[in-house]
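Here is the structure we will look at.
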Amino acid sequence: MTEQRESHADTECSACPVSGRRDFLVDALRAGGLALAALGIAPAANAMPTRWIRALASNRTEKSYAVPAGDGVQIDRDAEVILSRVGKQVYAFALSCPHQNTALRWESDDRIFQCPKHKSRYRADGTFIEGRATRSMDRLAIRLTDTAVVVDVDKLFQEDLNKAEWQRAMVTLP
Ligand code: FES
């Protein structure tokens, strides 16, 4: 069986000149790009990527994470923490939607958080855009050390209950 597969692969390769395969790939990529463009789908130039992370260190209430190197969203599913960097600001959020606690999703091309349950939408800094929720995403206390950002998962700020604390819950990178 293995021999048959190898001999089939040999046949395919010998029957297909290298330049022909390269042309085929280029043509396929172009065709794919044209098809996506025709559908109005194109990778967003300013997309903010998502990464899955784990705390570098943690104790009962605090989780330490590497300082995000650039704009983007990082999610620690185990701790239910979202880190979002926008320019020099880094925010930490509870993973759950403030409406009915559904896990939020990051839509990197649109640069928004969206709730899969009732479609509430939030900006990268957690501010409410639209939907059934009645407040922005809940922020967690965050501080900066020499080497990390440290999130206190026991200190959660709700915009509607304590707007001043909610607004202060961020770090500004040097
Ligand atoms: S649970 Fe998120 S909008 Fe309702």
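Using a 1.4 Å probe on the protein heavy atoms, what percent of the accessible area of the stretch 50-172 belongs to carbon and sulfur? Intermediate results must be reported in sequence, preceding the final value.
On the way: 2700 of 6500 Å².
So the carbon and sulfur contribution to the accessible surface is 41 percent.
All other residues with a Cβ under 9 Å from the Cβ of Ile112 taken together, and with Lys, Arg as +1 and Asp, Glu as -1, what is their net charge?
+1
For the stretch 96-112, take each phi angle, set θ = phi - 60°, evaluate the Karplus expression 6.51 cos²θ - 1.76 cosθ + 1.60, and give the result in whole Hz per residue in order, putting x for glycine and proline.
Working through the residues one at a time gives 8, 5, x, 7, 9, 6, 7, 5, 7, 10, 9, 9, 5, 5, 8, 6, 9 Hz.
How charged is the neighbourhood of Asn59? Take every other residue with its Cβ under 13 Å from the Cβ of Asn59, and add Lys/Arg as +1 and Asp/Glu as -1.
Local net charge: -1.
Please report, in Å, the Rg and the Dmax of the stretch 50-172, where both are computed over Cα atoms only.
My reading of the Cα-based Rg and Dmax gives 13.2, 40 Å.
Suppose each label sits 7 Å from its Cα in the direction of the beta carbon; what would the Ala148-Ile129 distance come out to in nanometres?
Those two pseudo-labels are separated by 3.3 nm.
Suppose R0 equals 35 Å. What FRET efficiency, 1/(1 + (r/R0)^6) with r the Cβ-Cβ distance, do Asp109 and Arg60 give to the nearest 0.05?
On the way: r = 37 Å, r/R0 = 1.07.
E between Asp109 and Arg60, to the nearest 0.05, is 0.40.
As an exercise, identify the trypsin sites (Lys or Arg not before Pro) in the stretch 76-131 lying in DSSP coil whose Cβ has no more than 13 other Cβ atoms within 10 Å.
Arg77, Lys88, Lys119
Apply the Karplus parameterisation 6.51 cos²θ - 1.76 cosθ + 1.60, with θ equal to phi minus 60°, to every residue of the stretch 114-125 and state each ³J(HN,Hα) to the nearest whole Hz, in sequence, with x for glycine and proline.
My calculation for the stretch 114-125 gives 9, 8, x, 7, 10, 6, 4, 10, 9, 6, 5, 8 Hz in order.
With Cβ to Cβ distances under 14 Å as the rule, what net charge do the other residues near Arg132 carry (K, R +1; D, E -1)?
Details: positive: Lys117, Lys119, Arg121, Arg135; negative: Glu130.
Charge balance in the 14 Å sphere: +3.
Heavy-atom accessible area per residue, the stretch 50-172, 1.4 Å probe: how many Å²?
With all protein chains present, the stretch 50-172 gives 53 Å² per residue.
Could you list which residues have their amide H under 5 Å from that of Ala103, counting only those 5 or more apart in sequence or on another chain, with H placed in the peptide plane?
It is Cys97, by chain and number.
Taking the simple approach of a point 7 Å from Cα along Cα-to-Cβ for both Ser96 and Arg168, what is their distance in nm?
A separation of 2.6 nm, rounded to one decimal place.
The values are calculated or read from the model by the stated rules, or taken from the named source; none is laboratory data. Since the model is a prediction, treat every value here as computed from it, not as a measurement. No Cβ is skipped: glycine too gets one built from the backbone with ideal geometry, and neighbour counts run over all protein chains shown. Accessible surface areas use protein heavy atoms only, side chains included; no ligands, DNA or RNA. Shrake-Rupley method; radii C 1.70, N 1.55, O 1.52, S 1.80 Å.
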